[in-house]
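Undergrad: The structure follows.
Derivation of every value follows stated rules applied to the coordinates shown; laboratory data play no part. What you see is a predicted model, and the numbers here were worked out from it, not measured in a lab. Here the Cβ positions follow ideal geometry from the backbone for every residue, glycine too, while neighbour counts run over all protein chains shown.
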Amino acid sequence: IVLTQSPVTLTSSPGERATLSCRASQSVGTFLAWYQQRPGQSPRLLIYDASYRATGIPARFSGSGSGTDFTLIINTLEPEDFAVYYCQHRRDWPRLAFGGGTRVEI
Amino acid sequence: QVQLQESGPGLVKPSGTLSLTCAVSGASIKSDNWWTWVRQSPGKGLEWIGEVYHTGATNHNSSLRSRVTMSVDKSNNQFSLKMNSVTAADTAMYYCARVLNYNAFDIWGQGTLVTVSS
């Protein structure tokens, strides 16, 4: 199962809303996670099981979708939100794959 | 809080073996979690390497399976990765992480850069 993220780069401004897409080549149910990776840092889990925020993640991050189409929305972009975002599925455990990433830039 | 810390040589010669350890603090490696390895080549995306359970059970990325060995050291609360026959293509930042609910990676180490070069 291949995950395709779009757009590859999203240019936005602080205070705006960002919408990121992740599309699976086959259904992954809701076995989908989203990660944020800031420059020089490790990835950080934002969303798991498609729509559940991980511990300590601000409410401006929300995930939705099921099957093959998923969305990560960042409401009211903060300066620290400019980063790369990856989706990841685990529909056919133990196999696992990441998407190619979306860079959110100013 | 739970913390993971990778350690190991930063430079490995071509055809040699890459060996890394991930020390776990704030949680027991014997908990009901898998423990995983992910790498990231410079400027590239994330690639899953594999995972290990405290019983010694492992799952691998099929593209790396033949070169990868993972194990758990319960007495020291840590787990390890060995990758043999390395080439320049294995140069990457290597991360260890905890697997949440079998599906997502909720706690990550800071990563360790491994360069394969003579």
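Undergrad: Between residue A:53 and residue A:95, what is 0.36 nm times their sequence separation minus the Cα-Cα distance? Round to one decimal in nm.
TA: 12.8 nm
Undergrad: Let me ask you something else. Scaled to the compact-protein estimate 2.2 N^0.38 Å, what is the alpha-carbon radius of gyration of chain B, rounded to two decimal places?
TA: Rounded to two decimals, the normalised Rg is 0.99.
Undergrad: Nearest 20 debye, what's the magnitude of the dipole of chain B about its Cα centre given +1 on Lys and Arg Cβ and -1 on Asp and Glu Cβ?
TA: Charge dipole, chain B, about its Cα centre: 220 debye, nearest 20.
Undergrad: Against the globular-protein guess of 2.2 N^0.38 Å, express the Cα radius of gyration of the stretch B:64-108 as a ratio, rounded to two decimals.
TA: Against the compact-globule rule of thumb, the ratio is 1.36.
Undergrad: Just report the Cα centroid separation between the stretch A:34-106 and the stretch B:10-57, whole Å.
TA: 21 Å
Undergrad: What is the distance, in nm, between label points placed 7 Å from the Cα along the Cα-to-Cβ direction at residue B:89 and at residue A:19?
TA: With each label point 7 Å from Cα toward Cβ, the separation is 3.9 nm.
Undergrad: Something else: How many nm is it between the label spots at residue A:69 and residue B:115, if each spot is 7 Å from the Cα in line with the beta carbon?
TA: Going by the 7 Å Cα→Cβ label model, 4.6 nm.
Undergrad: Below 13 Å, Cα to Cα, which aspartates and glutamates can residue B:30 reach? Residues fewer than 8 away in the same chain don't count.
TA: Cα-Cα hits under 13 Å: B:73.
Undergrad: Restricting to chain A, compute how many DSSP beta bridges are antiparallel as a %, nearest 5.
TA: Percent antiparallel among DSSP bridges in chain A is about 90.
Undergrad: Return an integer: the convex hull volume of the alpha-carbon atoms of the protein assembly as shown, in Å³ per residue.
TA: Dividing the Cα hull volume of the protein assembly as shown by its residue count gives 112 Å³.
Undergrad: What order do you get for B:54, A:89, B:60 when you list them from fewest to most C-beta neighbours inside 10 Å?
TA: Going from sparsest to densest Cβ surroundings: B:54, B:60, A:89.
Undergrad: A further question on this structure: Report the net charge of residues surrounding residue B:92, where surrounding means a beta-carbon distance below 10 angstrom and charges are Lys +1, Arg +1, Asp -1, Glu -1.
TA: Here the count lands on 0.
Undergrad: If I stretch the segment between residue B:62 and residue B:2 completely, what's the gain in nm (0.36 nm per residue apart, minus their alpha carbon distance), one decimal?
TA: Here the segment from residue B:62 to residue B:2 would lengthen by 18.7 nm.
Undergrad: Let me ask you something else. Could you give the size of the charge dipole of chain A about its Cα centre, using +1 on the Cβ of each K and R and -1 on the Cβ of each D and E, expressed in debye and rounded to the nearest 20?
TA: 240 debye
Undergrad: Here's something else I'd like to know. From the phi angles alone, apply the Karplus equation (6.51, -1.76, 1.60; θ = phi - 60°) to the stretch A:85-97 and give each ³J(HN,Hα) in whole Hz, x where the residue is Gly or Pro.
TA: Whole-Hz 3J(HN,Hα) from phi for the stretch A:85-97: 10, 10, 9, 8, 10, 8, 5, 10, 3, x, 5, 7, 8.
Undergrad: Cα to Cα, under 20 Å, and not fewer than 8 places away if on the same chain: which lysines meet these conditions relative to residue B:82?
TA: B:13, B:74
Undergrad: Separate question: How large is ³J(HN,Hα) for each residue in the stretch B:51-64, as worked out from phi by the Karplus curve 6.51 cos²θ - 1.76 cosθ + 1.60 (θ = phi - 60°), to whole Hz, x for Gly and Pro?
TA: Using θ = phi - 60°, the values come out as 8, 9, 10, 5, 6, x, 5, 9, 10, 10, 5, 4, 6, 10 Hz.
Undergrad: How big is the charge dipole of the protein assembly as shown about its Cα centre, in debye rounded to the nearest 20, if each Lys and Arg gets +1 on its Cβ and each Asp and Glu gets -1 on its Cβ?
TA: Dipole of the protein assembly as shown, to the nearest 20 debye: 400 debye.
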